[in-house]
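Here's the structure, in structure tokens; my notes come after.
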Amino acid sequence: MAGIIKVKQVRSISGRPEKHKLIVQGLGLRHLQHVRELQDTPSVRGMIRKVQHLVQIVE
């Protein structure tokens with residue numbers, strides 16, 4: 001059973017490649033400092049890794 005992971009957007013997506021914008025939207029993040037609780041699955045971890053410079057995992 002997968003756990004829960006909290007992801008927070010810490011940098012803006014303006015001026016970023018379209019692919020990065022789509023990944024951040026796919027994570028459900030809408031604006032700076034927005035925090036979402038997501039299932040800790042390999043696909044979500046992969047998305048976080050692609051935009052690790054824009055988001056952070058909150059403890």
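Computed from the coordinates by the stated procedures, all read-outs in this text should not be read as laboratory data. Since this is a predicted model, take the numbers as computed values, not measurements. Here the Cβ positions follow ideal geometry from the backbone for every residue, glycine too, while neighbour counts run over all protein chains shown.
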- Right, residue 44: surrounded by 11 or more Cβ atoms within 10 Å (Cβ to Cβ), touching a strand residue (DSSP E or B) at 6+ places or on another chain (Cβ under 8 Å) and not charged (D, E, K, R) or not? yes
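When you scan region 1-15, how many residues do you find that are of a type in the set (A, V, I, L, M, F, W, C) and outside any loop (DSSP other than H, G, I, E, B)? Working first, answer last.
Start the filter on region 1-15 by keeping residues that are of a type in the set (A, V, I, L, M, F, W, C), which leaves 1-2, 4-5, 7, 10, 13.
In the following step, the residues that additionally are outside any loop (DSSP other than H, G, I, E, B) were identified as 4-5, 7.
Residues meeting the conditions: 3.
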- Item | Residue selected from region 16-59 under the condition part of a helix (DSSP H, G or I) and among the small types (Gly, Ala, Ser), by the criterion farthest from residue 3 (Cα to Cα) | 26
- Task: From 36, 30, 49, grab the single residue that is surrounded by 12 or more Cβ atoms within 10 Å (Cβ to Cβ), out of contact with any Pro (no Cβ under 7 Å at 6 or more places or on another chain), among the basic types (Lys, Arg) and free of Cβ contacts under 8 Å to residues at least 40 places away in the same chain.
- Result: 36
- Message: Among (1) at negative phi; (2) in contact (Cβ under 8 Å) with a residue 24 or more places away in the chain, there is one condition residue 25 misses while meeting the rest; what is its number?
- Response: (2)
- Message: For region 46-59, give me each residue that is over 9 Å from the mean Cα position of the chain (by Cα) and more than 15 Å from residue 21 (Cβ to Cβ).
- Response: 46, 58, 59
